[in-house]
Amino acid sequence: MNKQIEFFFDVGSPASYLAWTQLPALAERHGATLVYRPMLLGGVFQATGNQSPASIEAKGAYSRIDFQRYAQRYGVTLKHNPYFPINTLQLMRGAQALLETEQLVPYLTAVFTAMWVDEQDMGQPEVVGKVLAAADFDPAQLMEHLSDPVVKQGLKDTTEEAVRRGIFGAPTLFVDGDMFFGQDRLDFVEEKLAAMG
């Protein structure tokens, strides 16, 4: 059986970052393919009426504590980005542009790390350019792809697909038709994959 994990994410989501730190190893343990599905979380929120936990003061404060608990459990660094929330439209178009290439994982590594470890203001093009250049990308070349109508439409299509499939936040994972919302549901993802043999 060809097992796969569909990973709907937005780099502006700290929960997406936490899931991203764990999913490649989880997929490997179960012989599953990790399928990256970049979406625009703001578009999902708009379509579903949902909103970021950060928009509710008490919930946002608790979420930051809970994310740190998971970061400790996973053995990874997570810092609250002082520029959060960040408009990720261009960053997610970058992920979409690199989707079928070997550059996607290095791109996500650079962007997620800049956002959630190095506390960079990734809403500023000059900051993004420096981060990508340091990761051996050609920022000018990548920027050209961001205005490609195919890239724009691809990200829009995935975001609309996410809403159609019942997604209301990030990260959301699908395994064999079952949906799992949140980085705190990875144990259920693992159980599902194990049951598939």
* Rg followed by Dmax, in Å, when the range 33-101 is reduced to its Cα trace -> 14.5, 41
* Tell me, what % of the accessible area of the range 1-87 is carbon and sulfur with a 1.4 angstrom probe? -> 50 percent
* Using a Gaussian network for the chain with springs between C-alpha atoms less than 10 Å apart, which of these wobbles most: Gly49, Gly169, Gly94? -> Gly49
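Under unit Cβ charges (Lys, Arg +1; Asp, Glu -1), what dipole magnitude, rounded to 20 debye, does the chain have relative to its Cα centre?
Working: 16 positive and 24 negative charges, 93 e Å.
In total the dipole reaches around 440 debye.
Give me the accessible area per residue for the range 57-197, probe 1.4 Å, as a whole number in Å².
With the other protein chains kept in place, the range 57-197 gives 55 Å² per residue.
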* For the modelled label position 7 Å from the Cα of Arg64 along Cα-to-Cβ, which residues of the range 107-141 have backbone nitrogen atoms closer than 18 Å? -> 115-122
* Structure fact -> Rounded to the nearest 5, the percent of DSSP beta bridges in the chain running antiparallel is 55 percent
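At a threshold of 8 angstrom on Cα-Cα distance, excluding pairs fewer than six apart, so keeping six or more, what relative contact order does the chain reach in percent?
Reported as a whole number, the value is 34 percent.
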* Note down the accessible area of His145, probe 1.4 Å, to the nearest 10 Å². => 80 Å²
* To do: Would you work out which of Gly123, Thr158, Gln51 lies farthest towards the positive end of the dipole of the chain? Charges go on Cβ: Lys and Arg +1, Asp and Glu -1.
  => Gln51
* Specify which labelled value, from [x] 48, 39, 27; [y] 46, 40, 33; [z] 68, 38, 33, agrees with Cα extents along the principal axes in Å derived from the coordinates of the model shown. => [y]
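With +1 on each Lys and Arg Cβ and -1 on each Asp and Glu Cβ, how big is the dipole of the range 81-197 about its Cα centre, in debye rounded to the nearest 20? Present the calculation step by step, with values, prior to reporting the outcome.
On the way: 8 positive and 19 negative charges, 70 e Å.
My answer is approximately 340 debye.
Looking at the P(r) of the range 105-197, how many percent of alpha-carbon pairs lie beyond 20 Å? Let's see the in-between values first.
Working: 2445 of 4278 pairs.
That fraction is 57 percent.
Can you give the FRET efficiency to the nearest 0.05 for Gln103 and Arg164, using r as the Cβ-Cβ distance and R₀ = 41 Å? Intermediate values should be presented prior to the final figure.
Numbers: r = 29 Å, r/R0 = 0.70.
E(calc), rounded to 0.05, equals 0.90.
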* Structure fact -> Of Ser63, Ser13, Ser55, the most mobile residue in a GNM of the chain (C-alpha springs, cutoff 10 Å) is Ser55
* Taking the Cα centre of the range 72-131 as origin, work out the dipole magnitude from +1 charges on Lys and Arg Cβ and -1 charges on Asp and Glu Cβ, in debye rounded to 20. => 160 debye
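The values are calculated or read from the model by the stated rules, or taken from the named source; none is laboratory data. These figures come from a predicted structure and were not determined experimentally. Because the Cβ atoms are built from the backbone with ideal geometry, glycine has one as well, and the counts that use them run over all protein chains shown. With ligands, DNA and RNA removed, areas are computed over all heavy atoms of the protein, side chains included. Shrake-Rupley method; radii C 1.70, N 1.55, O 1.52, S 1.80 Å.
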